[in-house]
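The values are calculated or read from the model by the stated rules, or taken from the named source; none is laboratory data. Just so you know, these numbers come straight off a predicted model, no measurement behind them. As a convention, Cβ positions derive from the backbone with ideal geometry for all residues, glycine included, and neighbour counts pool all protein chains shown.
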Amino acid sequence: MRGSDQRTGELFSYVDIEDRVPAKHPLRLIRRIVNDVLAKLDGEFGKLYAAEGRPSIAPERLLRALLLQAFYTIRSERQLMEQLHYNLLYRWFVGLGVDDPVWVPTVFTKNRDRLLEADVARKFLCELLSHKEVRALLSDEHFSVDGTQVAAWASMKSFVAKDGSGEPPSSGRNGERDFHGERRSNATHASNTDPEAKLYKKGKGKEAKLSFIGNVMTENRNGFVVAADLREASGTAERAAARAMIVRYSPGNQRITVGADKGFDTAEFVADMRAFNVSPHVAQNTTHRRSAIDGRTTRHRGYEISQRKRKLVEEPFGWGKTIGGLARPMLRGAKRLAFKFILTMAAYDLIKLPRLIGMAA
């Protein structure tokens, strides 16, 4: 007998939202660990809110929703709110019931910005790495560092002379402009859309773009991001960020190794690493000058291993740009973009856990 295609409306549903998520779904393990981390941050959240007044969006739900945005390539907060209306898996992960109202997108973004001042994304990553199940997967001796160009949410038309010269004729909001033959640099020009964005190109022959530099430090055992940073783009930003991350994560208490590409092969950086009790396993750059890395470092078997393992540091960048929304984040300002970058790197660590913890079990 052919079944009917007629839909009858249901007045009630007797299936709990918890029962609709498969027992072996990878988000179950991720959510359990995320909840453990958020419980550790309860004191930090308490400092952000007044004791009285109208209740805001719970910071725990805010962070779970932002992690979902990275996991499932949801390009904007407006689209995230739309998905939360009808996706039961998303509602379950965030902590919303079937009948709970979804937030207005502008309210959600304003509440998200409250977390910027407390550096919550960095603290979340730190607590995640301290979790007992995650800590067991990390190397505490061997690391790698690198940086990547993160495009700013600003067009090249917004990059105008600081003194106001060369403004396009007033022919509407998107007036025509001929840049041919004009020399532009960060010293003389700035974006009127995102003044913190800098004109930068990653290498020779590459296109110069308004950008920031996102930096990570990964451990060499499983490639987890153990530190992340985002700052204004410059030729020295990657090395400066690497120094800061190394000191913050491992402040000279024990000797560690740090792998890096040729861009880190400078006498100053190598000397700083040795002063920090770090073995600088940096790729030698002998193209136009003498390398700062000599036989004291390259003769060891560990140097070769570090050079092979350091390629793991590229994986969070690739995941962040293809899945996590870092290819062109719709955010302006270094502070907002740093929050997005660090939380996306934490999301990258989280998506590795179901496979690795399952293997360990």
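A few notes on this one:
- Condition met for VAL98 (closer than 25 Å to ALA338 by Cβ, hydrophobic (A, V, I, L, M, F, W, C) and outside the structural domain of SER250 (by TED's automatic domain parsing)): no
- Summed over the stretch 47-99, residues that are free of Cβ contacts under 8 Å to residues at least 40 places away in the same chain, among the hydrophobic types (A, V, I, L, M, F, W, C) and out of contact with any Phe, Trp or Tyr (no Cβ under 7 Å at 6 or more places or on another chain) total 6.
- Check on SER144, at pLDDT 85 or above, closer than 17 Å to ILE246 by Cβ and either touching a Gly at 6+ places or on another chain (Cβ under 6 Å) or crowded, with 17+ Cβ neighbours inside 10 Å (or both): yes
- Within the stretch 211-241, the residues that satisfy the criterion of being out of contact with any helix residue (DSSP H, G or I) (no Cβ under 7 Å at 6 or more places or on another chain) and in contact (Cβ under 8 Å) with a residue 12 or more places away in the chain are SER211, GLU219, ARG221, ALA233, SER234, ALA237, ALA241.
- Within the stretch 163-200, considering residues that are polar (S, T, N, Q) and at pLDDT below 65, the one nearest to ALA233 (Cα to Cα): ASN174
- Residue match in the stretch 307-327 (condition: in a strand (DSSP E or B), touching a helix residue (DSSP H, G or I) at 6+ places or on another chain (Cβ under 7 Å) and not acidic (Asp, Glu)): no
- Among the residues making up the stretch 332-361, those that are at pLDDT 95 or above and of a type in the set (Val, Ile, Thr) are ILE342, THR344, ILE351.
- Summed over the stretch 39-91, the residues that are part of a helix (DSSP H, G or I), hydrophobic (A, V, I, L, M, F, W, C) and crowded, with 16+ Cβ neighbours inside 10 Å give a count of 13.
- Unmet criterion (only one of (1) in a loop (DSSP other than H, G, I, E, B); (2) of a type outside the set (Gly, Ala, Ser); (3) modelled with pLDDT of 80 or more) for ILE213: (1)
- The residues of the stretch 101-122 that are under 19 Å from the mean Cα position of the chain (by Cα) and either over 14 Å from ALA58 (Cα atoms) or among the small types (Gly, Ala, Ser) (or both), listed by number, are LEU116, GLU117, ALA118, ASP119, ALA121, ARG122.
Listed here are the residues, each with its yes/no results for (1) within 24 Å of VAL150 (Cα to Cα); (2) touching a residue at least 12 places away in the same chain (Cβ under 8 Å); (3) surrounded by 14 or more Cβ atoms within 10 Å (Cβ to Cβ); (4) out of contact with any Leu (no Cβ under 7 Å at 6 or more places or on another chain).
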position: PRO280; (1), (2), (3), (4): no, yes, yes, yes
position: ILE293; (1), (2), (3), (4): no, yes, yes, yes
position: ALA327; (1), (2), (3), (4): yes, yes, no, yes
position: MET330; (1), (2), (3), (4): yes, yes, no, yes
position: LEU353; (1), (2), (3), (4): no, yes, yes, no
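- Selection status of VAL160, assigned to a strand (DSSP E or B), touching a strand residue (DSSP E or B) at 6+ places or on another chain (Cβ under 8 Å) and at pLDDT 90 or above: no
- Single residue of GLY95, GLY3 found to be over 18 Å from the mean Cα position of the chain (by Cα) and modelled with pLDDT under 90: GLY3
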